[in-house]
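Undergrad: Got a structure for you, written out below as structure tokens; questions coming shortly.
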Amino acid sequence: MIKKLTIETASRQGYVVIDSMVREAIAESGVQNGICVISLDEDAGGLGLTSTWDLGGMDDMVNELWRCVPPRVTYLHQRSPIAAAAHTRSVFTSCSYSIVVKEGQPLAGHSQSFVLFEFDGPETRNLTLSVVEAPFYYEVFQFDSYFNEIHDITDCVRTAVKNSGYKNGFCHLTVVAATAGIAMCPTGSERQQDIVEDFDRLITTRADFNHRESAYDPSGHIKTCISGTQLNVPFENGGLLLGEESCLCYAEFDGPRPRDVRICVFKDEAGHSIQSQT
Amino acid sequence: MVEKLLENYPAFLEKKLDELWLTEKLEAALPVLRCFDARKVILTGNSEGMAAVTSVLGLFQESDIFWGPLLVSQAKYNYGGCRHEVGIGEPNTPLVIVTDLDGNDEDAADSIRMTSEVGGVSLLVTVNEHAKYASDADYVLSLGEVSNIAEAYSAAVIALTAVAYRIGRARGQYTEADCRRAREMIQDYALSVDSVYGAIDGKVQLFARETYDKETFDCIADGSAKAVMEFSSFLLTRYGGCLCTRNDSDEWCGQMEAPVIAVACKVSPSYDCFREKIMSAQSQKRPWMIITDGEEKDFNEGVKLCQMPALPKGYDFLCALFFHLPVVTACEYIAEFRRGRQ
């Protein structure tokens, strides 16, 4: 099922919580197990899956993205510095999300809500939701994490693929938290710690946020929005299609906490590969 | 005299919007850095160029793009002691927009040279991008292909409006939606004018029949309609060989016997003053052409208006782009009647 939504934003920068719209679309689709792709057709807005219970935290997110990417007159794109900066922020937050549908519900944590970000409004934003029925094998990998940790989960994903018994397909990894992300990273703890440090330099852990759950928590929400909480990885003949120096990592931006990663393994029914070279 | 000046106006405007409305060509002619550098904008030009820059004064004022935009005739700018308003000091680094449609005006060349001497930034708006002095300008915005002076004026109004929106967009006063809406307003208004123009044509023809042998005209307008007044007087002078006086409704005293071309926007704060002037002057039995988006009931019984569609609120710059059409048509009829007389 494809559903198109039009959302009128009201200010130059801000956000609209679209969680109920996404959940309604999934319910309307009747899909019980599958995947939902949410896509924004503009490049000056963004999508997020984050905590909205304290709207002060949402303001932090928008303000911090502005601080990280302020409009500057030296952009090559000459339309408007505000538009040019909005494009970068849009890439930071992403314009497309895929979320697993499990038992008729999006596979999201209790603290996660879908959000549309506006970086150059007021504007009319068009969202497309595509919900597809696709049964999957499901596993949960649990562990304890600590602040600024990068946790290599590649082996757990390999195990889940093996346990699924599928030869070809893709894995969808989800972190159901609003202060932890997931990413494809280079192998090696030094390189991984460099990434974490750069995230902390970009969104510094500090005490002047509106949302004040803890010193780490507000910046953790913003880092999570940039890193993302979903990742799709293909596999062939039971092996993950990763580069020699790539691995799948969980990134903790808060912690210490008991955490988990949800692994959904989708089967490629056709089951054959096409090699192409360019 | 002139033949057909404007054929299929909506299509012409559409073409010019495609060429000039926030396009890469406009972005290259006025980079973002310049939009931010300028602390003041000075609008200048001669005759039809002056008419075109007059059209955007209100837009620059209302949108608060700059502190106190200055509209100044080319003669005053070059030779009337304007140097202190342009040079280094407060407000400094002005953007001087010089509009010279045919690109042959020595005064425009002087304006650009003086702007450069005092450290300002010049933007030349012209049909003739190969004008011999164009290389002296910091930036040149070419209006593209036009067939005659009426098209050149309209293209210049579109270009200057686009410049105002370009600067406003770059500096954050306008959103992308504002810019899109303004363009749609121009397109929609063009179609609505097209649909009522048949009714106006008869009145214009009557006015031309009454006035084709006259040698003097009075042109009056206020606010954003002044661009139309400037262009109308230029057309009648250049193509009709007529003498034209130009006045606002407050200054005009109506002592002459010349035919009157009066242009008024209903949104203008002086609209009531304008109406009073028109009604009291009607007793003089002079030929009148009143171009307005007001209603017939606003005037004395029997007044024949060239009634344009109501200007949408906040877009009175549209007046400059459309209210001159009856005058252009009048010039065509006057030419036709004069040929018939010969």
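Undergrad: Inspect all residues belonging to region A:48-66 and state whether any of them is within 30 Å of residue A:2 (Cα to Cα), open to solvent by 20 Å² or more (accessible area, probe 1.4 Å) and modelled with pLDDT of 95 or more.
TA: No.
Undergrad: Any idea which of (1) of a type in the set (Ser, Thr, Tyr); (2) touching a strand residue (DSSP E or B) at 6+ places or on another chain (Cβ under 7 Å); (3) away from chain B (no Cβ under 14 Å) is the one residue A:124 doesn't satisfy?
TA: Every listed condition holds for residue A:124 apart from (3).
Undergrad: Looking for something polar (S, T, N, Q), over 21 Å from residue B:238 (Cβ atoms) and open to solvent by 40 Å² or more (accessible area, probe 1.4 Å) - is there at least one such residue anywhere in region B:122-140? Let's see the steps before the verdict.
TA: Step one: filter region B:122-140 for residues polar (S, T, N, Q), giving B:122, B:126, B:128, B:135.
Imposing the further condition that a residue be over 21 Å from residue B:238 (Cβ atoms) reduces the set to B:122, B:135.
Pick out the ones that are also open to solvent by 40 Å² or more (accessible area, probe 1.4 Å) and you get B:135.
Within region B:122-140 (the criterion being polar (S, T, N, Q), over 21 Å from residue B:238 (Cβ atoms) and open to solvent by 40 Å² or more (accessible area, probe 1.4 Å)), the answer is yes, since at least one residue qualifies.
Undergrad: Keeping to region B:93-112, report how many residues are in a helix (DSSP H, G or I) and in contact with an Asp or Glu (Cβ under 6 Å, 6 or more places away or on another chain). Walk me through it before giving the result.
TA: To start, the set of residues in region B:93-112 that are in a helix (DSSP H, G or I) comprises B:106-112.
Among the residues that remain, those that are also in contact with an Asp or Glu (Cβ under 6 Å, 6 or more places away or on another chain) are: B:108, B:112.
Of the residues in that region, 2 qualify.
Each row is one residue, and each column tells you yes or no for (1) within 30 Å of residue B:174 (Cα to Cα); (2) among the charged types (D, E, K, R); (3) within 14 Å of chain B (Cβ to nearest Cβ).
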{"residue": "A:66", "(1), (2), (3)": "yes, no, yes"}
{"residue": "A:94", "(1), (2), (3)": "yes, no, no"}
{"residue": "A:107", "(1), (2), (3)": "no, no, no"}
{"residue": "A:110", "(1), (2), (3)": "no, no, no"}
{"residue": "A:129", "(1), (2), (3)": "no, no, no"}
{"residue": "A:135", "(1), (2), (3)": "no, no, no"}
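Undergrad: Return yes when residue B:150 is more than 14 Å from chain A (Cβ to nearest Cβ), more than 28 Å from residue A:77 (Cα to Cα) and in contact (Cβ under 8 Å) with a residue 12 or more places away in the chain and no when it is not.
TA: Values: more than 14 Å from chain A (Cβ to nearest Cβ): yes; more than 28 Å from residue A:77 (Cα to Cα): yes; in contact (Cβ under 8 Å) with a residue 12 or more places away in the chain: yes.
Criteria met by residue B:150.
Undergrad: Something else now. Does region B:141-155 hold any residues that are surrounded by fewer than 20 Cβ atoms within 10 Å (Cβ to Cβ) and closer than 21 Å to residue B:77 by Cα, and which are they?
TA: Of everything in region B:141-155, nothing turns out to be surrounded by fewer than 20 Cβ atoms within 10 Å (Cβ to Cβ) and closer than 21 Å to residue B:77 by Cα.
Undergrad: Scan region A:68-92 for residues that are in a helix (DSSP H, G or I) and within 14 Å of chain B (Cβ to nearest Cβ) and jot them down. Before the answer, list the steps.
TA: Just the residues of region A:68-92 that are in a helix (DSSP H, G or I), to begin with: A:68, A:81-92.
Answer for region A:68-92, where residues must be in a helix (DSSP H, G or I) and within 14 Å of chain B (Cβ to nearest Cβ): A:81, A:82, A:83, A:84, A:85, A:86, A:87, A:90.
Undergrad: Just to confirm my filter: which strands (runs of 3 or more DSSP E) fall fully inside region B:168-275 and include at least 3 residues that are open to solvent by 10 Å² or more (accessible area, probe 1.4 Å) and more than 15 Å from residue B:324 (Cβ to Cβ)? Explain how you work it out, then say what you get.
TA: On the way: elements: B:216-221, B:243-247, B:260-264.
Because the criterion is at least 3 residues that are open to solvent by 10 Å² or more (accessible area, probe 1.4 Å) and more than 15 Å from residue B:324 (Cβ to Cβ), the strands (runs of 3 or more DSSP E) in region B:168-275 that meet it are B:243-247.
Undergrad: From the list B:277, B:297, which residue is out of contact with any helix residue (DSSP H, G or I) (no Cβ under 8 Å at 6 or more places or on another chain) and under 13 Å from residue B:222 (Cα atoms)? First the steps, then the outcome.
TA: Working: B:297 fails: under 13 Å from residue B:222 (Cα atoms).
Residue meeting the stated conditions: B:277.
Undergrad: So which residues in region A:85-123 are in contact with a Gly (Cβ under 7 Å, 6 or more places away or on another chain) and without any contact (Cβ under 8 Å) to a residue 24 or more places away in the chain, if there are any at all?
TA: none
Undergrad: From the list A:91, A:37, A:140, A:73, exactly one residue is hydrophobic (A, V, I, L, M, F, W, C), surrounded by fewer than 22 Cβ atoms within 10 Å (Cβ to Cβ) and assigned by TED's automatic domain parsing to the domain that holds residue A:210. Which is it?
TA: Numbers: A:91 fails: assigned by TED's automatic domain parsing to the domain that holds residue A:210; A:37 fails: assigned by TED's automatic domain parsing to the domain that holds residue A:210; A:73 fails: assigned by TED's automatic domain parsing to the domain that holds residue A:210.
One residue alone meets the criteria, A:140.
Undergrad: Considering A:228, A:188, which residue is open to solvent by less than 50 Å² (accessible area, probe 1.4 Å) and farther than 24 Å from residue A:100 by Cβ? Step through it out loud before you land on a result.
TA: On the way: A:228 fails: farther than 24 Å from residue A:100 by Cβ.
Selected residue: A:188, the only one of A:228, A:188 that is open to solvent by less than 50 Å² (accessible area, probe 1.4 Å) and farther than 24 Å from residue A:100 by Cβ.
Undergrad: Which ranges mark the helices (runs of 4 or more DSSP H) fully within region B:7-85 that have 1 or more residues being open to solvent by 10 Å² or more (accessible area, probe 1.4 Å) and closer than 19 Å to residue B:227 by Cα? If you could, list the steps in order and put the result at the bottom.
TA: Details: elements: B:9-20, B:24-29, B:32-37, B:47-62, B:74-79.
Fully inside region B:7-85 and qualifying: B:9-20, B:47-62, B:74-79.
Undergrad: Applying the selection to region A:222-270, what residues are under 30 Å from residue A:133 (Cα atoms), among the charged types (D, E, K, R) and in contact with a strand residue (DSSP E or B) (Cβ under 6 Å, 6 or more places away or on another chain)?
TA: A:259, A:260, A:262, A:267, A:268
Undergrad: If I ask for residues that are open to solvent by 30 Å² or more (accessible area, probe 1.4 Å) and at pLDDT 90 or above, which ones from region B:287-311 would you list?
TA: The initial filter retains those residues of region B:287-311 that are open to solvent by 30 Å² or more (accessible area, probe 1.4 Å), namely B:288, B:295-297, B:300-302, B:304, B:307, B:310.
The answer is B:307, B:310.
The values are calculated or read from the model by the stated rules, or taken from the named source; none is laboratory data. Because the structure is predicted, anything quoted here is derived from the model rather than measured. Positions of Cβ are generated from backbone atoms using ideal geometry, with glycine treated the same way; all protein chains shown enter the neighbour counts. Calculation scope for accessible area: heavy atoms of the full protein, side chains included, ligands and nucleic acids excluded. Shrake-Rupley method; radii C 1.70, N 1.55, O 1.52, S 1.80 Å.
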